[in-house]
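Chemist: Okay, here's the structure, questions in a sec.
The values are calculated or read from the model by the stated rules, or taken from the named source; none is laboratory data. Quick caveat, the model's predicted, so the values are computed rather than measured. Heads up, the Cβs are rebuilt from the backbone with ideal geometry, glycines too, and the neighbour counts pull from every protein chain shown.
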Amino acid sequence: MYRLPAEIGARVEEIDTPALLIDLSAFERNVRKMAEFAQARGLRCRPHAKTHRCPTIALKQIAAGAVGQCCQKVGEAEALVRGGVLVSNQVVSEAKLRRLAALAVDARVGLCFDAPEQIEVAARVARDFGVELDALVEIEVGMQRCGVAPGEPARELAGRIAEAPGLRFRGLQAYQGAAQHLATWKERERAIESAAQSVRATLEALDRAGIDCAIVGGAGTGTYALEGASGLWNELQVGSYIFMDVEYGRILARDGGRYSDFEHSLFVLATVMSAPSPERAVLDAGLKSYSAEQGMPWVHGRTDLEVYGIADEHSKVRLGADSARLKLGDKLLLIPSHCDPTVNLHDWYVGVRNGRVEALWPITGRGASS
């Protein structure tokens with residue numbers, strides 16, 4: 001079954017639900033603000049496509065000045081290869097490496113390394129296809145996920161890559177993802193200061209060895225200003241800034257107030273399908289429409305309403321004591337707790353401006369998990 005979720009020109013009230021909506025004006029302001037930040041500081045912006053999985057959005061970011069896209073999976077790279085991609089992850093399967101090398105015939109493609117065992121197979125596959133793959137050494141900067149130890153271990157790996165035909169050492173991947181949702185600015189600042197020590201030690205080791213490091217990539221929506229001011233990172237791999245979500249809505253700015261660098265622009269539109277009591281209503285969107293692993297969604301513009309229960313196809317909403325009773329057919333906008341996996345549940349974005357549908361964008365990379 002394949003159908004469009006809405007018609008161009010339709011009113012929001014006419015959109016069939018559940019549907020994934022973008023407030024186009026807020027989205028455009030978010031894209032423009034990050035682009036202006038990077039340009040003013042001489043930084044490269046390579047937004048992370050795992051957030052949106054959509055070629056249309058990727059091209060809009062590139063039109064605003066982005067140098068390409070980050071992807072987390074080879075399948076995402078295949079969907080978004082126009083403009084060049086970096087798989088900001090390790091790729092160890094020869095089958096996946098061959099898929100990447102095939103893309104590199106027509107586009108610039110890179111990937112990350114954190115172990116010498118990756119080098120031989122990646123170099124051999126690149127030679128088979130007659131291409132060069134960009135290679136970044138991922139260093140451990142506090143996430144305790146992937147990454148070689150900073151300093152000399154990273155320098156040794158970079159040296160091996162530089163000597164491998166078919167690979168082109170480009171720099172470092174230094175993403176401190178664990179810092180993005182730390183509640184206070186001070187906590188995030190401390191985390192990035194610690195990451196910066198690892199980056200600095202590695203750059204010094206590379207310099208002593210005479211190895212040129214063109215790129216230091218990383219940063220995210222919660223800490224981009226810190227990496228951007230560090231003098232170390234020169235490529236911002238921000239993702240959620242275009243949409244925002246409840247996770248980012250919870251963190252605090254430098255002054256202790258609400259973090260408001262970017263606006264909420266992504267919503268799940270849901271319909272009241274049952275209103276069995278004055279204090280409870282039920283929506284037609286549940287776990288198959290938005291991710292809830294980071295908590296309940298917020299109801300946009302309605303602090304008197306609280307989502308408190310979720311099932312596959314339903315959400316229960318608690319009304320405040322002074323709330324007007326919700327009626328069957330009423331539409332509510334839900335802000336998902338985590339935008340990336342929410343997007344992966346939908347085939348289309350419905351772009352809305354001034355209460356009407358202006359655009360329909362396919363989520364081409366949906367389900368690209370390999």
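Chemist: Take Leu100 and tell me if it is assigned to a strand (DSSP E or B), surrounded by 24 or more Cβ atoms within 10 Å (Cβ to Cβ) and modelled with pLDDT of 95 or more. Spell out the reasoning first.
Modeler: Numbers: assigned to a strand (DSSP E or B): no; surrounded by 24 or more Cβ atoms within 10 Å (Cβ to Cβ): yes; modelled with pLDDT of 95 or more: yes.
Here the answer is no, as Leu100 does not meet what is asked.
Chemist: Continuing with this model, one more query. Can you tell me which residue among Arg258, Arg325 is out of contact with any helix residue (DSSP H, G or I) (no Cβ under 9 Å at 6 or more places or on another chain), over 30 Å from Leu136 (Cβ atoms) and basic (Lys, Arg)? Steps first, answer last, please.
Modeler: On the way: Arg258 fails: out of contact with any helix residue (DSSP H, G or I) (no Cβ under 9 Å at 6 or more places or on another chain).
None of the other options fit; the residue is Arg325.
Chemist: If you go through region 353-362 one residue at a time, do you hit one that is outside any strand (DSSP E or B), surrounded by 15 or more Cβ atoms within 10 Å (Cβ to Cβ), touching a helix residue (DSSP H, G or I) at 6+ places or on another chain (Cβ under 9 Å) and among the basic types (Lys, Arg)? Before you say what the answer is, go through the steps one by one.
Modeler: Here is the first cut: in region 353-362, the residues outside any strand (DSSP E or B) are 354-355.
Now narrow it down to the ones that are surrounded by 15 or more Cβ atoms within 10 Å (Cβ to Cβ): none.
No, region 353-362 contains no residue that is outside any strand (DSSP E or B), surrounded by 15 or more Cβ atoms within 10 Å (Cβ to Cβ), touching a helix residue (DSSP H, G or I) at 6+ places or on another chain (Cβ under 9 Å) and among the basic types (Lys, Arg).
Chemist: Would you tally the residues in region 1-19 being out of contact with any Leu (no Cβ under 7 Å at 6 or more places or on another chain) and part of a strand (DSSP E or B)?
Modeler: Counting residues in region 1-19 that are out of contact with any Leu (no Cβ under 7 Å at 6 or more places or on another chain) and part of a strand (DSSP E or B) gives 1.
Chemist: When region 211-236 is examined, which residues are found to be part of a strand (DSSP E or B) and of a type in the set (Asp, Glu)? Walk me through how you get there before you give the answer.
Modeler: Step one: of region 211-236, the residues part of a strand (DSSP E or B) are 215-218, 235-236.
Once the filter is applied, which keeps residues that are part of a strand (DSSP E or B) and of a type in the set (Asp, Glu), region 211-236 yields only Glu235.
Chemist: Is there any pair linking a residue in region 250-264 that is free of Cβ contacts under 8 Å to residues at least 12 places away in the same chain to one that is part of a loop (DSSP other than H, G, I, E, B), with Cβ under 9 Å and at least six apart or on different chains, and which?
Modeler: Once the first residue is free of Cβ contacts under 8 Å to residues at least 12 places away in the same chain and sits in region 250-264, its partners that are part of a loop (DSSP other than H, G, I, E, B) give Arg258/Ile251; Ser260/Ala253.
Chemist: Quick one: count up the residues across region 216-274 that are of a type in the set (D, E, K, R) and within 14 Å of the chain's Cα centre (by Cα).
Modeler: Of the residues in that region, 2 qualify.
Chemist: Which residues, counting only those in region 37-76, are of a type in the set (A, V, I, L, M) and either in the same structural domain as Arg108 (by TED's automatic domain parsing) or out of contact with any Lys or Arg (no Cβ under 8 Å at 6 or more places or on another chain) (or both)?
Modeler: As a first pass, look at region 37-76 and keep what is of a type in the set (A, V, I, L, M): 38, 40, 43, 49, 57-59, 62-64, 66-67, 74.
Passing the criteria: Ala40, Leu43, Ala49, Ile57, Ile62, Ala63.
Chemist: Tell me which residues, restricted to region 145-196, are buried (at least 19 other Cβ atoms within 10 Å of the Cβ) and at positive phi.
Modeler: Across region 145-196, the qualifying residues are Gly147, Gly166, Gly171.
Chemist: May I pose another question? Here are some residues: Arg82, Arg124, Arg108. Which one is touching a helix residue (DSSP H, G or I) at 6+ places or on another chain (Cβ under 8 Å) and of a type outside the set (Gly, Ala, Ser)?
Modeler: On the way: Arg124 fails: touching a helix residue (DSSP H, G or I) at 6+ places or on another chain (Cβ under 8 Å); Arg108 fails: touching a helix residue (DSSP H, G or I) at 6+ places or on another chain (Cβ under 8 Å).
Testing whether each residue is touching a helix residue (DSSP H, G or I) at 6+ places or on another chain (Cβ under 8 Å) and of a type outside the set (Gly, Ala, Ser) leaves just Arg82.
Chemist: Hey, Gly218 hits all of (1) closer than 28 Å to Leu333 by Cβ; (2) of a type outside the set (A, V, I, L, M, F, W, C); (3) touching a strand residue (DSSP E or B) at 6+ places or on another chain (Cβ under 9 Å); (4) modelled with pLDDT of 95 or more but one; which does it fall short on?
Modeler: Just one mismatch for Gly218, condition (1).
Chemist: Among the residues that make up region 107-116, is at least one of them modelled with pLDDT under 95 and not assigned by TED's automatic domain parsing to the domain that holds Asp340?
Modeler: The initial filter retains those residues of region 107-116 that are modelled with pLDDT under 95, namely 107-108.
Still in the list and also not assigned by TED's automatic domain parsing to the domain that holds Asp340: 107-108.
Yes.
Chemist: List the residue pairs whose Cβ atoms are under 8 Å apart, where the first residue sits in region 141-167 and is not assigned by TED's automatic domain parsing to the domain that holds Ala126 and of a type in the set (D, E, K, R), the second is at pLDDT below 95 and part of a strand (DSSP E or B), and the two are 6 or more positions apart or on different chains.
Modeler: That search, which allows pairs on different chains as well, returns nothing.
Chemist: When only residues in region 36-68 that are within 15 Å of the chain's Cα centre (by Cα) and closer than 19 Å to Gly228 by Cβ count, which is surrounded by the most Cβ atoms within 10 Å (Cβ to Cβ)?
Modeler: Among those that are within 15 Å of the chain's Cα centre (by Cα) and closer than 19 Å to Gly228 by Cβ, it is Pro47.
Chemist: Just checking, how many residues over region 235-262 are under 20 Å from Ala49 (Cβ atoms) and of a type outside the set (D, E, K, R)?
Modeler: Of all residues in region 235-262, those under 20 Å from Ala49 (Cβ atoms) come to 235-245, 247-248, 262.
Narrowing the set further to residues that are of a type outside the set (D, E, K, R) leaves 236-244, 248, 262.
Going through region 235-262 one residue at a time, the tally reaches 11.
Chemist: Next up: Within region 274-299, track down each residue that is over 18 Å from Leu345 (Cβ atoms), touching a residue at least 12 places away in the same chain (Cβ under 8 Å), out of contact with any His (no Cβ under 6 Å at 6 or more places or on another chain) and not charged (D, E, K, R).
Modeler: Quick first cut of region 274-299, residues over 18 Å from Leu345 (Cβ atoms) only: 274-282, 299.
When the remaining residues are screened for being touching a residue at least 12 places away in the same chain (Cβ under 8 Å), the result is 274-275, 278-282, 299.
When the remaining residues are screened for being out of contact with any His (no Cβ under 6 Å at 6 or more places or on another chain), the result is 274-275, 278-281, 299.
Across region 274-299, the qualifying residues are Ser274, Ala275, Pro278, Ala281, Val299.
Chemist: Any residue in region 1-27 that's farther than 24 Å from Met244 by Cα: show its pairings with residues that are crowded, with 20+ Cβ neighbours inside 10 Å at Cβ separation under 6 Å, as long as the two are six or more apart or on different chains.
Modeler: Close Cβ pairs satisfying both conditions: Ile8/Val357; Ala10/Val357.
Chemist: Which one of the conditions (1) closer than 24 Å to Ala219 by Cβ; (2) part of a strand (DSSP E or B) does Lys60 fail to meet, given that it meets all the rest?
Modeler: (2)
Chemist: Can you name the residue in region 86-97 that is within 17 Å of Arg53 (Cβ to Cβ) and not hydrophobic (A, V, I, L, M, F, W, C) and is also surrounded by the most Cβ atoms within 10 Å (Cβ to Cβ) among such residues? Break it down stepwise before answering.
Modeler: Quick first cut of region 86-97, residues within 17 Å of Arg53 (Cβ to Cβ) only: 86-89.
Now restrict to residues that are not hydrophobic (A, V, I, L, M, F, W, C): 88-89.
Details: Ser88: 24, Asn89: 19.
The residue in question is Ser88.
Chemist: Among residues belonging to region 328-351 that are under 18 Å from Tyr241 (Cα atoms) and touching a helix residue (DSSP H, G or I) at 6+ places or on another chain (Cβ under 9 Å), point out the one that is surrounded by the most Cβ atoms within 10 Å (Cβ to Cβ).
Modeler: The extreme case among them is Pro336.
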